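The structure appears below as structure tokens.
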Amino acid sequence: MSSPDAKPNPDPAERERIAAELAALGEDPLTDDPSDDEALAFALADAPDIDVSTVQTLARWAQPEWDDADAELSELAQARVWRTVELRTKQAEAPAPTPAKRPLLLGAVVALFAAAAAVVLVPVLSPSDASQDEPASVAQAPADVAAVTAEELDVLSMQARASLAALDRLSGQPRGSARAEAMADAYARRLEAEG
Amino acid sequence: MSSSRIQRIAVLCATLGTVVVAACDDDADAEGEVVHTEVAASTSATPDGTLKTHEIVPSTPSAEGLAYLRAVAAIQREADDQRGAAAVATLQRGLDLEVPAGLPEAEIVQLELASRIAGLLIESDAAAEAKELLVPMLEPSRSVPLDRASAEALIMLGDAATRTGDDALAAGTYARSIRMMSILRQELER
């Protein structure tokens, strides 16, 4: 979901649509400044599949290897991913006042910072590390994490499923009954080899 | 979902990610050995993201072990052609099969059977039964095999917990599955 390289040249209707989307994200309006080209190019990207991009992005963010410095997404694109998540879950949410009216982009930045904190800590505890017998770390969860909302569970569920799909693509192993048969066949080969 | 909620999700992921502590013994070479690892921490007031894992090291093959694995594979195939309660009953037969001694691989096939059963139960609005099936197999204090089957079973338990309103269990379980898959991916990418 990276920004295309083509020079953007939106027609007035497109520019109006983009301006409305930026406003919804809490972004500054478009100007003629060349630095706005990235936002325009992203918005005019050739029909990107935002659902696929969102899941891919969330899956990548769920990986401990993910590093903010390697992120392909601009701040606008990151905000757009979170915005999509928000829209997908909005139907289940009753209208309620927002406790703090901070811009969505700020929320995304804070969220990324929190995710980055996990990224920094998790590799320290990875399986390749030397010390295996003792607890590597103990962390205390903040008390307010105890109350999890339905929307938050939706996102966790989506991340878990995206991770499973990514793992399956990476491993290429069979699933279900095919895996059971493959395990039995491999076991039979080992038995034959050792018999 | 407001920006504050988005922040909360990220904080939740980050927090659960940090309470989970995984470690695996790469030096395992004894046949059939269940190589153990892992400790984690949580508080009773929060979702429990504790993940204990062990690696399934291939055992010395035996005729009994092969017969068991063949029987489970046949049951899985049989269930492929069934739906609903009939499929659940078939898969349950597989879960009830006596496991031969010295076959650590059975843990994986049992988790796969349990995941399929749980998925079918959830589909038929019997999430409580699915939860009842999976909780003893996956409780945080118990070590689970470092395998895709565990990750999928954890997702199923998360779904069952969500359906039954046990949000803390759901959040902790989803986080454990994500962490499990991160470890598996790291292993694959080595």
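Only the coordinates and a few stated rules stand behind these numbers; no lab work does. Just so it is clear, the structure is predicted and the values come from calculations on it, not from any experiment. Reconstructed Cβ throughout: ideal geometry from the backbone, glycine too, with neighbour counts over all protein chains shown.
Once the piece of chain linking residue B:78 and residue B:187 is laid out straight, how much longer is it, given 0.36 nm per residue of separation minus the C-alpha distance between them?
The residue B:78-residue B:187 span can extend by a further 36.0 nm.
Check residue B:144: other-chain or 5+ apart residues with amide H under 5 Å from its amide H, H built from backbone geometry?
Distant-sequence amide H within range of residue B:144: B:52, B:53, B:54.
Could you work out the mean count of beta carbons from other protein chains within 10 Å of each residue's beta carbon in A:184-193?
5
Please average, across the residues of B:61-73, the number of beta carbons from any other chain that are within 10 Å of each residue's own beta carbon, and give a whole number.
Rounded to a whole number, the mean comes out at 5.
Averaged across the residues of A:157-169, what count of C-beta atoms belonging to other chains lies within 10 Å of each residue's C-beta?
6
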